[in-house]
1. For the list (1) in a helix (DSSP H, G or I); (2) open to solvent by 80 Å² or more (accessible area, probe 1.4 Å); (3) modelled with pLDDT under 95, I need the number of the one condition that Ala17 fails.
2. Out of the residues in region 20-55 meeting the condition of being among the acidic types (Asp, Glu) and out of contact with any helix residue (DSSP H, G or I) (no Cβ under 7 Å at 6 or more places or on another chain), tell me which one is most open to solvent (accessible area, probe 1.4 Å).
3. Please tell me if Lys3 is open to solvent by 60 Å² or more (accessible area, probe 1.4 Å) and modelled with pLDDT under 95.
4. For Ala12, only one of the following conditions fails: (1) aliphatic (A, V, I, L, M); (2) open to solvent by less than 80 Å² (accessible area, probe 1.4 Å); (3) modelled with pLDDT of 95 or more. What is its number?
Amino acid sequence: MNKIKGLLLLTAILVTAACAPEVGSEAWCKAMSEKPKGDWTANELSDYTKSCVFK
């Protein structure tokens, strides 16, 4: 039973990750602009600045 739960969890994670927009894409920039700035990581801030501000 635990193996089935583990496989379901792994599948859910992979499906969710596959649906995330590519970093630097227009969809990603829009999603980041709607995300609270306090929740951004240092990498997200750097990527946003490079990809969305200085296009």
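The values are calculated or read from the model by the stated rules, or taken from the named source; none is laboratory data. None of the values given here were measured: they were computed from a predicted structure. Here Cβ is always computed from backbone atoms with ideal geometry, including for glycine, and neighbour counts include all displayed protein chains. Keep in mind that these areas ignore ligands, DNA and RNA; they rest on the heavy atoms of the full protein, side chains included. Shrake-Rupley method; radii C 1.70, N 1.55, O 1.52, S 1.80 Å.
1. All conditions pass for Ala17, except number (2).
2. Looking only at region 20-55, we keep the residues that are among the acidic types (Asp, Glu), and these are 22, 26, 34, 39, 44, 47.
Those still in the list that are out of contact with any helix residue (DSSP H, G or I) (no Cβ under 7 Å at 6 or more places or on another chain) too: 26, 34, 39, 47.
On the way: Glu26: 148, Glu34: 126, Asp39: 93, Asp47: 52 Å².
That would be Glu26.
3. Numbers: open to solvent by 60 Å² or more (accessible area, probe 1.4 Å): yes; modelled with pLDDT under 95: yes.
Yes, satisfied.
4. Unmet condition: (3).
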